[in-house]
Structure formats: structure tokens, C-alpha cells
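Here is the structure we will look at, set down as C-alpha cells.
The values are calculated or read from the model by the stated rules, or taken from the named source; none is laboratory data. Computed from a prediction, not measured in an experiment: that's the story for all the values here. Methodologically, a virtual Cβ is constructed for each residue, glycine included, from the backbone with ideal geometry; neighbour enumeration extends over all protein chains shown. We work out accessible area using only protein heavy atoms, side chains counted, and drop any ligands, DNA or RNA first. Shrake-Rupley method; radii C 1.70, N 1.55, O 1.52, S 1.80 Å.
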Amino acid sequence: MGQFPRMRQLPRTRRLLAVALLTTLACCASARAAFTPFALVSADPAGGLEADYAYDPAISGGGRYVAFTGSVTSQPGVYRKDLVTGALAPVALGTHAGAPSVSEDGRYVSFTTDENPATGAASGGPGVCSSVYVRDMQQPLGQPGAFTLVSARDGSVEGLAYSPPAGARTCGSAAAARVALSADGSTVAFTVLSPSDLTGACEMQEETLKCPTPEDQVAVRDWKAQRTTLVSATRASLGGTPAPIPRGAALAGPTSSGQISLPNGGSTELAVGASTAAISADGSTVAWMGIDVAEQAPVAQPPTLVLNYPDSYAEPLWRRIADGSGALTRRMLAGDDPSAPQCPPACPGGLDLEWDTQGISGSEYTGTAPQYGSYTSQAGQSNGFGAGAGLGDPLAAVTPQLSADGMTVALLSTQPDYGADPNFGLFNATVPPPANAFVVHMAPGLTRAQAIRRLTDWASLDFGNAELDSPIKNIALSPDGTRVAFTTERIAFPLAPPALITPTVSQAGVTQLYEANLPGGTLAMVSFGYDGQPANDGVIATAFSADGKTLALSSAATNLVYGVVNEGSDVYVTEEIHSPPAPGQQSVGPLPPDPVAEIPWNISATASPSPDGSLDLYVSVPGAGRLSASAVSAISRLAAAGHRPHRTTKRGHARPARAAQRRGSHTPRRSTAPARRGHRPTAPRGTTIARAAANAAGPDVIELHLVPAARYDALLQSSSFGLYTTIAIVFTAPGHPPVRITLRASFPHRPAIYEVPKSGYPLPHYRLPRHAAPKHKPRHGKRRQTRRGGHR
């Protein structure tokens, strides 16, 4: 019974309004013209079923393949969709498999799991550590060559050994979603989450395995050459044998602190580990959210730490590994970049990375930690991030996004520019300062003022106003470096460029997707549904193809694609169809015509009973045409009058109905004889008791009001269970075959206080058949009266 599962929970007036807002199939608004209508990716084409849930999309450079984490036909895992053929194939199975990245040709997919990726079965007890794998999609699932272990020792195919301390929240290795795999699929960047043998052999000490490499180290694996390299090396070891950062190098952690609820009422856990390490498509550059920054990069003044926790301060770091073992690890946002002239000690530009701690000591810090970007966490916390709400990795927000050559980085940060009041957050001290979107160019010789480009800024210093300064929650960069996509509830964007060219959303409350065209200097909202309205639920994450023209995204919205009924998250794709080629003289002209959404030529309906004994039908039609509905009794005997009917003979005398049936006569539709006591009125099988019809001018939701004929009023009043009927609905339109559906519903019990609807209700557009009067005069000599009361 259709497309409106929650309809009966609303009052009738609100129900009609909800139908009008959510299911109108009108043409899209002009803002939708920059992108093609969304296509649903997370669905099984063989069974025609949507995924139970789907998130973390990663799209191949060529734009043909999309990998995502989800559950299809109740089987959780990582999947890959071929957008050309529509084929959906499992990459790895298991509730903990997640964080996919895909190569440019779609052949290789990296992911993280602590389960058997071929079967989804648990690999051991609760202490099993997670590992990073690459799947070759040309090898069948379960074959020996299908999976390659990436989190392995240098020069070996054996996995790393781990010695996590007691009470550790994570164990093993993990790779970030979307950005962990090079374009050719041969190189993977990952984070080793717990102490390991990455740089040396582990030893047994007092019956405990002790490993020399500290936790939270960034590494790169060329799995074809079986080479594993430590990337997060100390400054002193650069140019020689790389040494790990003693207290950890990268922000990392569990994807989720527990189970999450699913749309079908169940629950599951997400992938067990999370990384913030990204690699460029050409494999030349790695970036990560660094902790213990002074150990890794040159700094003019060491950052302030809270209670000396190494991860109480973090900022994004960048290293070009293609330049060899001596390549420096560089800060992206700080002004003391040693690659620029006069830095250090004096270098213009950069961000005030410690604005929220100025003038206080670590032991006195009680302020609220920023949500994203470089931040100082509250004392005693291991990091400033809680468990993610809903689906997706909460650390994905602070994972740097690299262009294909690694020289352009998109990231989120909470910092103001130098010179801004460091205490402006005290307008609302209980609300964390929200993140903004930045693009940083890492070409050597640039000062930070030249390198950093701010894409968004706060429209208010009162951080409790979601419309003006809610955080940017997720960011992505196209491999060609020309486009940045981000999600936010914010509706005000004071910077220009990029100038907002799509209509402003009327109010905040739903996370929408925006795309910044860097050469064109424009900002456009992408997440418009087929009805021309903004997405009615949040967009979670997004990813670009190599040319930036195709976007894959995950969202819980139900109005991006017509007919989506899953209330969980789904994965979609859309393509850009118009964008300015380069900045230049601005002019305002008409937008290109709106793309027409492909509306399936079918109808759906739901029936809602009214206390007056009638039924309200709501029918979604795909275009202009004629809609009709008829309710036929599904009970063998219906109330047509007040007694067992008699048959009138040819001469006007009555004879028993039983005799009439033996002679093949038909029971008349009416009788004026009183009903016999103790017997319910009856009527023939298959009686049509109500009809209604209406014309549709176009795609719309039509309301039909089915009112039982007056002759059935006695049964509606006497029955405690109503009148069970089959409702046949037919939609006809020129040039299309008729579309038919059938509903089964009951006309409800109508107490005697209700009368048959008359002028106040739209009556059915038909007239009941009336029996023709006999043409001969009665034999008894009396003149027969006509319907008007006259005499012949």
C-alpha cells in the first residue's frame, strides 16, 4: 500500500500537506540545472532491492565504478557498483568491513576489517586486530588471489604483529575511506593503530609481547613490490633510517564506540579502526592529521599541550615521499613554513592555530574544544572527537584531501585569521567553534598568506546560530584540484568568491551538499531532489571522479530519487552539466533548461478510513490522465435492503425468492418490504458499492473519496468490523496503456449518529441504475403513479 508509510499517523489536513510537499512530481527548480538528476547506486539490480544501508562512497577516477560500505539483501560488507552495466558485486563481507578506496580503473579496492573478508566470519575472539586489505575484483571472491594483506611487514607478506596495551580501544591497522589508495591501486597509505613490529621485531618480556614501534604511525605499502615504508619519521632521522614518533604521529581511533541502529530496527557495528592518512593519486604525497607536531615538522614555537598529552593538539601535516627519505614533513596552515622565505622566524600569513589557548596554561584549560581541524582538546580526553552520529567515520572530517599530484590540499579547520579576537567564542562558551573549509597550495616558496585560500567563513560570532555558522562537516577535493565539495547545515556564505549561485535554503536543519568551482569562483548547492526541493535528510559524505564532473554521495534523504523507500542511508551519483570554464567578466543570463526527471509510468495508492463510513484514497499518478476507482464487495452477502428479497412475477404478484432462483430469475436491487427480525440484510456477491473518478493535469497526488451508496448504510451501522471490499484503481492516459492496481480495505463501522454524506462531501460521479416502470396498466384497474406522483 504504497509510497506513504507514515501517512496514517497524521491528521487529515497535515496528511494532505505532507503528500503535497514530499511526493509532488513537478519539474525541478532552476537551481537543479547544474547537475543531472541523481541515480541510485546502492541497489541490487537483480532483485530490484535497495540496500539496507550504504555509506562511505568512493568513486573511481574514470567515474565508472563506485565502492561503498553497506548491507545488501541483509548481507553487510563492502560492495562495488558498475555504473555502466549496473552490476553490483561484493568486495568483502562482514559487519566490520569498511572504509573503501578504489583505483582509477575500478579493479582494486582497499578496505579495513577484523573479519574474514571472503566470508564475513569473525577471525577470532574479541581481541582480534583489524587489518588493511586490497581486493582484486578480477579474481572471484574466495579465490587465493582475491585478497592481498596490506598491513604487512616490509619485504614480507606476513601481517604486522601487535601488542596493544590493556584497555586499548583500537588494535591493528586501518586505512581511511576514499583517499587511501593510489590511482594504479598499487600503493596504500594506512595508520598502525597499536604498538607493532613495523620498524623492528617484537620480543617476549615477562610473558608479554613487546613491540618497538609506538602506536599511531603512518605507513605506505607498495603491495606489488612488498615494500612497507614508515612515513611519519622524526625530524632527526630524515635522510637516514626512518625512526617512528615516540608518542604517536597521527590522529586515529575507533570508527564507533558501539553499535548503531539500522532502519529495519536492528543494529550493527561499523569498521573497527579509523585513519586520517591520505595518499595522492600518483602516490607521491601523503598527508595526515598530525599529533606531537614538534617531533615531525619544524616549528618556531612548540604548540601548547594539555597535561602533556601528545594528541591534545593536532594539525594537518604533509610530506612528499617521492622526494626521497630526506623530504621534510611540512605544516599546511602554520605561518612558520620553512619552505617560504623568512620562515622562520617571521613569516606573513597562516592561521592562528592556538587561538583558544592563548593566555592560559595547560592545567587551567577548561574551554570547549573545537570540533574539527587543528584543535586543543579538553584535558584528560584522548582526542576531541566523540562517536559519530549515524553512519560514517567521525574522523573523516579531519582527513586531508589531496589532488592527484598532491600539491593541492582541501581540509577543515576551526581557526580564524591572525589578528582576530581569540576570545570571540566566549559569546557562547558551551558551543565548540565550528569548522570552515580551506584549500592550501603546497608549492615551495609560497608564504601561507599566498598558499591558503579560505572557502567559507562564519556569518556570525554567536556559534549557537546554525543558519550562520554551523560547522562544515565533510570535505572532498577533485583529483584535478578544480572543485571542492563539502556538507553543512549553514545557509549563509559571506565570502565571494566563491559566490553562491543557487537559491539560498530557507532554513537550516538538514546537512546539504555544496560544490565550489575554484576556477569559476562559484558555489552551488548540489543536493536538490527530483521535486526541486533541498534534500529532506542529511548528506553524509561525497567523492569526486578524476575530472571532478561526477560526484558520489551518501544520504538519508528520500527525495533525491523518486520511489526510494529506505529510511536509512543510500549512495547516489550525479554529474555536473554546466560550469564556468575560467574566471572572467561576470554576466547574468538565463540558466539552461532543467533536466527532466525520469518518472516511472506507474501509480501507487493508500487508503485511509474516515469515521463517517467512507474511504479516502491518495493516488500518485505519473502524468495527465483519467483516474477512476471502484469498490467491490469482497463478502458474499451485502446489505442491499431491509429483508430477504422477493421476486415480482410478470403479472405483478410476488413469489418466494427460492422459487425465483430455481427459475433463473434475478433478485431485484430494491425492496420495500420490512426486514425480518433476526436476519441481516443481504445483497448479491460482487456488488459495486462505491465509485469515484477524477482528472489529473499532470504528475500529482490525487485524492478520491469513496462513499458507499445509501442502500448499504444499514450494514455499516450494524457491522462491528466494517465492510470489506476490493478497490480497483485504473489510470488511463493518451499514448500509454492503462495502469491498474488493487487495494483491499474495509469501509469502517459507521455509528447511527453519522448520516450518509450529502452536499458537504464530493459524491461519486455516477448514478445508480433505476428499474424501468412496466409499460402495461395494472390489472386491478387502478392507475399507476409515476415517479413524479402524477397519473396516466
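Quick look at the numbers
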{"read-out": "Output for the range 514-555, where each listed residue is of a type in the set (A, V, I, L, M, F, W, C) and touching a Phe, Trp or Tyr at 6+ places or on another chain (Cβ under 9 Å)", "value": "ALA516, LEU523, ALA524, MET525, VAL526, PHE528, ALA535, ILE540, ALA541, LEU551, ALA552, LEU553"}
{"read-out": "Qualifying residues in the range 159-206 (those that are under 23 Å from ALA243 (Cβ atoms) and among the charged types (D, E, K, R)) - the one least open to solvent (accessible area, probe 1.4 Å)", "value": "ASP197"}
{"read-out": "Options THR502, THR542: the member that is in a loop (DSSP other than H, G, I, E, B), surrounded by 19 or more Cβ atoms within 10 Å (Cβ to Cβ) and not aliphatic (A, V, I, L, M)", "value": "THR502"}
{"read-out": "Subset of the range 99-123 (residues that are modelled with pLDDT under 95 and at positive phi)", "value": "ALA99, GLY120"}
{"read-out": "Tally of residues being open to solvent by 10 Å² or more (accessible area, probe 1.4 Å), not in a loop (DSSP other than H, G, I, E, B) and not hydrophobic (A, V, I, L, M, F, W, C) across the range 207-218", "value": "2"}
{"read-out": "Filter result (in a loop (DSSP other than H, G, I, E, B), among the polar types (S, T, N, Q) and touching a Lys or Arg at 6+ places or on another chain (Cβ under 9 Å)) within the range 170-195", "value": "SER186"}
{"read-out": "Residues being within 24 Å of VAL179 (Cα to Cα), among the hydrophobic types (A, V, I, L, M, F, W, C) and either assigned to a strand (DSSP E or B) or open to solvent by 10 Å² or more (accessible area, probe 1.4 Å) (or both) - total across the range 44-71", "value": "6"}
{"read-out": "Index of the failed condition, THR522 passing every other in (1) modelled with pLDDT of 90 or more; (2) open to solvent by less than 30 Å² (accessible area, probe 1.4 Å); (3) among the polar types (S, T, N, Q); (4) under 25 Å from ARG331 (Cβ atoms)", "value": "(4)"}
{"read-out": "Scan of the range 116-158 for residues that are farther than 29 Å from LYS81 by Cα and open to solvent by less than 40 Å² (accessible area, probe 1.4 Å), ordered by number", "value": "SER156"}
{"read-out": "Residue match in the range 8-15 (condition: at pLDDT below 80 and in contact with a helix residue (DSSP H, G or I) (Cβ under 7 Å, 6 or more places away or on another chain))", "value": "yes"}
{"read-out": "When residues of the range 310-330 are limited to those that are surrounded by fewer than 22 Cβ atoms within 10 Å (Cβ to Cβ) and in contact with a strand residue (DSSP E or B) (Cβ under 9 Å, 6 or more places away or on another chain), the one farthest from ALA396 (Cα to Cα)", "value": "SER325"}
{"read-out": "Which numbered condition LEU83 fails, given (1) open to solvent by 20 Å² or more (accessible area, probe 1.4 Å); (2) at pLDDT 90 or above; (3) over 20 Å from the mean Cα position of the chain (by Cα)", "value": "(3)"}
{"read-out": "Candidate set: the range 453-499, residues that are over 16 Å from MET525 (Cα atoms) and among the aromatic types (Phe, Trp, Tyr); chosen: the one surrounded by the fewest Cβ atoms within 10 Å (Cβ to Cβ)", "value": "TRP458"}
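Residues checked against (1) assigned to a loop (DSSP other than H, G, I, E, B); (2) among the aromatic types (Phe, Trp, Tyr); (3) in contact (Cβ under 8 Å) with a residue 60 or more places away in the chain:
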position: SER131; (1), (2), (3): no, no, no
position: ARG135; (1), (2), (3): no, no, no
position: GLY145; (1), (2), (3): yes, no, no
position: GLY155; (1), (2), (3): yes, no, yes
position: ALA168; (1), (2), (3): yes, no, no
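One line per residue, one yes/no per condition, for (1) out of contact with any helix residue (DSSP H, G or I) (no Cβ under 7 Å at 6 or more places or on another chain); (2) more than 27 Å from ALA404 (Cα to Cα); (3) of a type in the set (Lys, Arg):
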| position | (1), (2), (3) |
| --- | --- |
| SER186 | yes, no, no |
| PHE190 | yes, no, no |
| LEU209 | yes, yes, no |
| VAL218 | yes, no, no |
| ARG221 | yes, no, yes |
| THR241 | yes, yes, no |
| ILE245 | no, yes, no |
| ALA250 | yes, no, no |
| GLY253 | no, no, no |
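One line per residue, one yes/no per condition, for (1) over 20 Å from LEU317 (Cβ atoms); (2) in contact with a helix residue (DSSP H, G or I) (Cβ under 8 Å, 6 or more places away or on another chain); (3) of a type outside the set (Lys, Arg):
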position	(1), (2), (3)
THR447	no, no, yes
ALA451	no, no, yes
TRP458	yes, yes, yes
PHE463	yes, yes, yes
ALA466	yes, no, yes
PRO479	yes, no, yes
ALA485	yes, no, yes
